[in-house]
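Q: My questions will all concern the structure given below.
The values are calculated or read from the model by the stated rules, or taken from the named source; none is laboratory data. Keep in mind the model is a prediction, meaning the values are calculated, not measured. Quick reminder, even Gly has a Cβ in these numbers, built from the backbone with ideal geometry, and neighbours come from all protein chains shown. Ligands, DNA and RNA are stripped out before the accessible areas are found, and what is left, the full protein with its side chains, is counted by its heavy atoms. Shrake-Rupley method; radii C 1.70, N 1.55, O 1.52, S 1.80 Å.
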Amino acid sequence: MEEAVLRTLTPAVIGILVRRGVDFATAEDAVQDALVEAVRVWPTDPPRDPKGWLVAVAWRKFLDAARADTSRRRREALAQVEPAPGPGGEVDDTLALYFLCAHPSLTSASAVALTLRAVGGLTTRQIAQAYLVPEPTMAQRISRAKRTVSGVRFDQPGDVATVLRVLYLVFNEGYSGDVDLAAEAIRLTRQLAARIRHEEVAGLLALMLLHHARRAARTDADGRLVPLAQQDRSRWDTRLIAEGVHLLQSALARDRLGEYQAQAAIAALHADARTAEETDWVQIVGWYDELVRLTDSPVARLNRAVAVGEADGARAGLAALAGLDPALPRYDAVAAHLHERDGALATAAQLYAKAARSAPSLPERDHLTRQAARLNAQLSR
C-alpha cells in the first residue's frame with residue numbers, strides 16, 4: 001500500500017520543491033531520500049498527511065545536503081591551490097565519515113556509491129559515469145544502500161580498500177570533471193597516509209600527486225584541452241613529481257604490488273620523460289600488463305591499447321583494441337587516434353566526430369570536434 005502511495009505522490013512532491021527554487025535533479029535526490037525514510041518509518045508510524053510529510057522531509061533533506069555542500073566547498077576554499085607536501089595537516093571528521101559510509105553491511109560497490117553521493121559531493125550521474133553503468137541503475141544502487149544502513153549503527157568502520165576506491169574516484173572526478181575535488185581528495189589521502197603504513201595508500205597518493213603535477217599544462221589560455229604529448233612540460237610541478245616518485249619507490253620496495261602503485265608507475269614514466277618522444281612506452285605497456293592482471297579492468301585494457309600503439313605501432317594498437325567493447329567510454333576516441341596514426345584519416349575523422357557526441361565534458365567534446373575538423377580539412381585539400 002505504502003509503495004503505491006509513494007509512487008503516486010513522488011511527481012507532485014518533486015514539483016513542489018522545484019517551485020520552491022530547487023533544481024530538478026537536486027529535487028529528485030531529496031525526494032528519493034525522503035522516500036527511503038518513508039519506507040523505514042511509515043509501516044510503524046503512518047502519517048496523517050502523506051504528501052505533507054514527504055514535502056517536509058524532502059525539504060529537510062535538501063537543506064541538509066545544501067549545508068553539507070557548503071561545508072565541503074568551505075574546506076576546498078581553505079585548501080591550497082597546490083596541496084602542501086608532507087604529512088596531512090589539521091585533521092577534520094571527513095575521513096572518518098568516509099570510513100563510516102564504507103559500512104561492513106554494504107557491498108564494496110554500494111559503499112563506494114553511497115560515500116561518493118553522501119560525503120564526496122558527486123551527483124548520481126557522475127557516479128554512474130565512473131562505474132560505467134546507466135544513471136537509473138546507479139540511483140537504485142544508492143537507494144538500496146541507504147535503505148540497508150538506515151537502521152544500523154555506524155560504529156563499525158569500513159575497510160581501507162573501499163575508502164581508497166572512493167578517494168580515487170573523487171580525485172578522478174575532480175581532475176577531469178566539472179567539480180573541483182582533486183585537492184580535497186589529496187588532502188584526505190595525505191591524512192590517511194599519515195595514519196597508516198599501507199603500500200596502496202602510498203601508491204594512491206603518489207598517483208594523485210603525479211597527475212596533479214600536470215594540471216596547469218592540461219589546458220591552454222583559452223581553456224582548451226591540451227593532450228599529454230603536446231603539453232608544455234616546463235609547466236609541470238617538479239615538486240609534486242619528486243614527492244610522488246619518492247612515495248611510489250617506497251611503496252614498491254615493500255613488494256606488495258597493487259593497482260594504485262601500478263597506475264602511479266605509469267604516471268611516473270610519463271613524468272620522467274623530458275619530451276613526449278622520450279617516453280618509455282615499452283615499460284608503460286609492461287605496467288599496463290600488470291594493471292590488467294591485477295584488475296581485469298576494461299578501462300585499463302583500453303589505455304593499454306594506446307600504449308601498445310605507441311610502443312609497437314598503430315596496427316598492434318588496433319589489434320589490442322579489437323577485443324574490447326565499443327561501448328566503453330572513450331573507445332571511439334582511442335580508435336580514432338590509432339587509425340590516424342595508421343594513416344586512415346577518413347575513418348579517424350568519423351570516429352573523432354562520433355566520440356565528440358558522447359564526450360563526458362564540454363572541453364573534451366570541443367577537443368574531439370577540433371580533431372575531426374582538422375582531419376577533414378586535410379582530406380579536402
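Q: Pull out a ≥ b ≥ c, the square roots of the eigenvalues of the alpha-carbon gyration tensor of segment 237-289, then state rounded if a/c is under 1.5, prolate if not and a/b is larger than b/c, and oblate in the remaining case.
A: Oblate.
Q: So what's the angle, to the nearest 10 degrees on a 0 to 90 scale, between helix 135-149 and the longest Cα principal axis of the chain?
A: Tilt of helix 135-149: around 50 degrees.
Q: Using a 1.4 angstrom probe, figure out how much accessible area the chain has per residue, in square angstrom, rounded to the nearest whole.
A: I get 51 Å² per residue for this part.
Q: Output the 0 to 90 degree angle, nearest 10, between the alpha-carbon long axis of helix 238-252 and the longest principal axis computed from the alpha carbons of the chain.
A: So the inclination is approximately 80 degrees.
Q: Would you mind counting up the charge near Leu294? Only other residues with Cβ under 11 Å from its Cβ, with Lys and Arg at +1 and Asp and Glu at -1.
A: -4
Q: On a 0 to 90 degree scale, rounded to 10, what angle separates helix 298-312 from the longest Cα axis of the chain?
A: Its long axis makes an angle of about 10 degrees.
Q: Turning to a different aspect of this structure: Tell me which label goes with the value of Rg/Rh (Cα atoms, Kirkwood Rh) computed from the coordinates here: (i) 0.98; (ii) 1.00; (iii) 0.96.
A: Computed from these coordinates, Rg/Rh (Cα atoms, Kirkwood Rh) corresponds to label (ii).
Q: Sticking with this structure for a sec: What are the ³J(HN,Hα) couplings of segment 285-295, residue after residue, when phi is run through the Karplus curve with 6.51, -1.76, 1.60 and θ = phi - 60°? Round to Hz, x for glycine and proline.
A: So the Karplus estimates, Gly and Pro as x, are 4, x, 5, 5, 4, 5, 5, 5, 4, 6, 10 Hz.
Q: Identify all lysines with a Cα-Cα distance to Lys61 below 28 Å; exclude those on the same chain that are fewer than 8 residues away in sequence.
A: Partners found: Lys51, Lys146.
Q: Let me ask something else about it. Just the number, please: carbon plus sulfur as a percent of the accessible area of the chain, 1.4 Å probe, no ligands or DNA/RNA counted.
A: Its accessible area is 52 percent carbon and sulfur atoms.
Q: Given the options His103, His339, His212, state which has the largest fluctuation in a GNM of the chain using a 10 Å cut-off (strictly under) for Cα springs.
A: His339
Q: How much FRET efficiency would the formula 1/(1 + (r/R0)^6) give for Thr295 and Leu228, where r is the Cβ-Cβ distance and R0 is 22 Å, rounded to 0.05?
A: Result of the calculation: an efficiency of 0.50.
Q: Ok, one more. Mean-square fluctuation check for the chain, GNM, Cα pairs under 10 Å: which of Ala194, Ala139, Ala221 is largest?
A: In the Gaussian network model the winner is Ala221.
Q: Under a Cβ-only charge scheme (Lys and Arg +1, Asp and Glu -1), can you give me the dipole magnitude of the chain about the Cα centre, in debye to the nearest 20?
A: 720
Q: So what's the back-of-envelope 222 nm ellipticity for the chain, counting only DSSP H runs of four-plus at -39500 (n - 2.57) apiece and dividing by all residues, rounded to 500?
A: -22500 deg cm²/dmol
Q: Another one. Can you tell which of Leu204, Leu122, Leu324 shows the greatest fluctuation in a Gaussian network model of the chain with Cα springs below 10 Å?
A: Of Leu204, Leu122, Leu324, the Gaussian network model singles out Leu324 as fluctuating most.
Q: Kindly report, to the nearest 10 Å², the accessible surface of Thr8 as traced by a 1.4 Å probe over protein heavy atoms only.
A: Roughly 100 Å² of Thr8 is accessible to a 1.4 Å probe.
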